[in-house]
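Please treat every number below as a calculation from the coordinates, not as lab data. It should be emphasised that the depicted structure is a prediction, and the values quoted were computed from it without experimental measurement. Positions of Cβ are generated from backbone atoms using ideal geometry, with glycine treated the same way; all protein chains shown enter the neighbour counts.
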Amino acid sequence: MYLRPRCGLIQGVVVDLAPLDRRTGRLGASGLHVEMLGGFVVRIDGRDVTEALVGRSRTVFQYLLLAGTPVPRDVLIDVCWPEFDVERGRNNLNVAITGIRRALGYRGIVRHRGGAYRIDPDIETWIDVVAFTALLQAAHRIDGDQAEGAIALYRQAVALYRGELLPEARYSEWAEPRRRFLVHAHLDAVKRLASLCRDEGNLFEAAWAAQLGLLVDDLDEELVESWLQTLADRRAGRQLHAALRTYSDRLEEELGVRPSDRLLALAAESRRAS
């Protein structure tokens, strides 16, 4: 992977955060900065070139960024021009690559070798998708042993996730597997953040994390239970029962079922405690 970012130390875990200026060794505007979660933004050396990337140049660039390794010419052609024959596909790919180089003002941004293309591995590059995944991997490594450090990492990852991957390419089949993975990874991070915060007695952030997840999937029982448990811990019985009624109505409306016995027992215990 060609991500070469600044490193942060959180509870003894080194985490890649943002690109450095190679000339000064400090965080700066040089290099390639790409956001793909919740929208698409590209800056090179601090210059926004998002709108300069158009048509298939934009698609090829996005595909290469997410691949992170050399991509064979035929794969790119199949993704962007599946209906074209080999010769016409190659011509169109050459035009698209030229468009990328022109948009970024840097001919070496796309390297070609042995019939495969890749983003220049030597340019300082930060991609939110890669940073998000790295933060989750670091969190998983210490989850269970270092709660404070894991919370900090999950918190950063959740903050990076501003929405689904490349919403402008929502109906592109090539992006769908990664999009689904990131959606599930984000929900898992929110659940762990809520659980760890509740265990640490940080009920405010636990409630915030659970509600954040419910904005994505309001029928996820694990998130609902986390939210209700947080309300129970706060002795907010009235709010708990109102939330359970809302969830129950949604379950009935969408799936024709009732809340699990586990959730009903939680509500009953809260009622007795109050």
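Observations on the structure shown:
- For TYR247, TYR161, order by how many other beta-carbon atoms lie within 10 Å, fewest first: TYR247, TYR161
- Crossing angle, helix 147-160 versus the chain [Cα axis fit, 0-90 degrees, rounded to tens]: 60 degrees
- Per-bin percent of Cα-Cα distances, the range 164-218 [10 Å]: 25, 39, 24, 12, 1
- Within-9-Å neighbourhood charge of LYS191 [Cβ basis; K, R +1; D, E -1]: -2
- For the range 118-171 versus the range 192-259, the spacing of their alpha-carbon centroids is 25 Å.
- Label-point separation, VAL75 to VAL216 (7 Å along Cα→Cβ), nm: 2.6 nm
- Percent of Cα-Cα distances greater than 32 Å, calculated over the chain: 39 percent
- Cut-off 13 Å (backbone N to label point 7 Å along Cα→Cβ of ALA273), residues of the range 232-253: 232-241
- Summed side-chain charge close to ASP143 - residues other than ASP143 whose Cβ falls under 15 Å, Lys, Arg +1, Asp, Glu -1: 0
- The range 16-126, dipole about Cα centre (Lys/Arg Cβ +1, Asp/Glu Cβ -1), debye to the nearest 20: 360 debye
- Nonlocal amide H pairs with SER260, under 5 Å, H built at 1.01 Å: none
- Residue-wise HN-Hα couplings along the range 70-87, as the Karplus relation 6.51 cos²θ - 1.76 cosθ + 1.60 with θ = phi - 60° gives them from phi, are x, 10, x, 3, 5, 5, 4, 5, 4, 6, 9, 9, x, 8, 8, 6, 4, 5 Hz; Gly and Pro carry x.
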